[in-house]
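Report on the structure given below.
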Amino acid sequence: MGTLYCFFLVPDPFSLTPCFFMLRSRLAPTPSGYLHIGNAVNFIITWVVVRQAGGVLKLRIDDADAGRCRLEYIEDIFRQLDWLGLDWDEGPQGPDEFGRLFSQRLRFGDYRAFLDALEEAGHSYLCDCSRKQIRAQVANGIYPGLCRHKNVITSEGAHRLVVPENTQVAVADQDIALAEHMGDFVLWCRDDSPSYQLASLADDLADKTTLIVRGADLLISSAAQLFLAQLLQQESFAQITFHHHELLTCPQGMKLSKSDKVLSLQAMRQQGVLPLHFYQATASHLGHDPQGIRSLQDLLLLDISL
Ligand SMILES: [Zn+2]
């Protein structure tokens, strides 16, 4: 494994002195369920990489989808991060501060501006299809562009992005056939909230994120966001380093999900699982011997290259 970069020297065209490029990353849970082991390992990897590099870590809670987000899940995020011993440099320090200053619901104007820009450039259209109608057309549920040429007029539809059929997006050394995986994906939902793809992109741009660590299940989302950024001429997004890690599975080989309460961190804590078990699971996940890990600080000594 190679060594992790700390700072890059980049030329500053306005002076002869070099300026420094600071690594910036984020922990970005969605409060639509209790945190689970997959979240924990993702957060620990991100924390270790940022701390090793002397970078800046932000806590960002993706609550744009008000229908699915609940206060108890927001409280759970702070409780479990505290239990895991993870700190962060920017973002809310508790649920109250989150609601007052950091909720995505305070930033709808910014997301809307991106939607408007896409609309004006002819990259989006309105769609009034129900989920049932889409499923009746395609078994896989990937939207086949039914309304792309219909000129739908409605105040209750979703805004979708035109993803041309042959769109290929390079992300983390892979070429993703975006139309095949996502179809014309949603930018703005029927309940008048931004989609995850749009809000996540806008936030990473606003936060000047330089590293995104995600589970492999979000590889296609990364491709979707890179494509969106290109359409919005937000070139800095293409400079982000993406790292997609394998998803942790429970012993039965089942994929973990937040709806699986047995595997929530709070449930595991009640069964006697300790933070150390997560530190060791993270080391093992990164290809290191977990036996040598006795604390979170021990992870900082590992040679990790993303
Ligand atoms: Zn439609």
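Points to keep in mind about this one:
- Surface analysis of the chain yields an accessible area of 51 Å² per residue, using protein heavy atoms and a 1.4 Å probe.
- Derived scalar couplings ³J(HN,Hα) [the range 144-157; Karplus, 6.51 cos²θ - 1.76 cosθ + 1.60; whole Hz; x for Gly, Pro]: x, x, 4, 9, 4, 10, 8, 6, 5, 10, 7, 9, 10, x
- What the Cβ-Cβ distance of ASP82 and ASP116 gives, at R0 = 41 Å and to the nearest 0.05, is a FRET efficiency of 0.55.
- Burial ranking of peptide ranges 134-145, 272-283 (average Cβ count within 10 Å, highest at the top): 272-283, 134-145
- Euclidean distance of C-alpha centroids, the range 173-193 and the range 35-97, integer Å: 25
- Counting only Cα atoms, the chain measures 61, 57, 39 Å along its principal axes, largest extent leading.
- Each helix, a run of at least 4 DSSP H residues, gives -39500 (n - 2.57); summed and divided by the residues of the chain, these come to -9500 deg cm²/dmol at 222 nm.
- The residue among THR241, TYR111, ASN39 whose Cα reaches farthest toward the positive pole of the charge dipole of the chain, with charges on the beta-carbon of Lys, Arg, Asp and Glu, is ASN39.
- Taking amide H positions as modeled 1.01 Å from N, with prolines and chain starts lacking one, the residues under 5 Å from ARG214 and 5 or more places away or on another chain are HIS243, HIS244, HIS245.
- Straight Cα distances below 13 angstrom link LYS150 to the aspartates and glutamates ASP128, with same-chain residues fewer than 8 positions distant left out.
- Straight-line reach from LYS58: taking Cα to Cα under 18 Å and skipping same-chain neighbours fewer than 8 places apart, the aspartates and glutamates in range are GLU75, ASP76, ASP82, ASP87, ASP89, GLU90, ASP96, GLU97, ASP203, ASP204, ASP207.
- Size of electric dipole in the chain: Cβ of Lys, Arg +1 and of Asp, Glu -1, about Cα centre, debye, nearest 20: 640
- Label zone at LEU274 (point 7 Å along Cα-to-Cβ), backbone N below 16 Å, the range 75-92: 83-85
- Each residue of the range 42-48 was assigned a 3J(HN,Hα) from its phi angle through the Karplus curve 6.51 cos²θ - 1.76 cosθ + 1.60 (θ = phi - 60°); the sequence is 4, 5, 5, 4, 4, 4, 5 Hz, with glycine and proline shown as x.
- Under 17 Å from the SER130 label point (7 Å along Cα→beta-carbon), backbone N, the range 151-194: 155-158, 190-191
- For the range 264-305, average projected area of the Cα convex hull in nm²: 3.2
- Taking the DSSP bridge list for the chain and keeping only pairs wholly inside it, about 60 percent are antiparallel.
- Rounded to whole numbers, the Karplus 3J(HN,Hα) couplings from phi for the range 279-294 are 5, 5, 4, 5, 4, 4, 4, 8, x, 10, 6, x, 4, x, 8, 10 Hz, using 6.51 cos²θ - 1.76 cosθ + 1.60 with θ = phi - 60°, and x at Gly and Pro.
- Carbon plus sulfur fraction of accessible area for the range 107-215, probe 1.4 Å, in percent: 47
- Each peptide in 41-53, 160-172 receives the mean, over its residues, of other Cβ atoms within 10 Å, and ordering these scores from highest gives 41-53, 160-172.
- At the listed q of 0.14, 0.22 Å⁻¹, the Debye profile of the range 63-157, built from one uniform point per Cα, gives log10 I(q)/I(0) equal to -0.79, -1.11.
- The range 54-99: relative contact order in percent, alpha carbon pairs under 8 Å with at least 6 residues between: 53
The values are calculated or read from the model by the stated rules, or taken from the named source; none is laboratory data. Just so it is clear, the model here is predicted, and its values are computed rather than measured. Note: ideal-geometry Cβ built from the backbone for every residue, glycine included; neighbour counts use all protein chains shown. We work out accessible area using only protein heavy atoms, side chains counted, and drop any ligands, DNA or RNA first. Shrake-Rupley method; radii C 1.70, N 1.55, O 1.52, S 1.80 Å.
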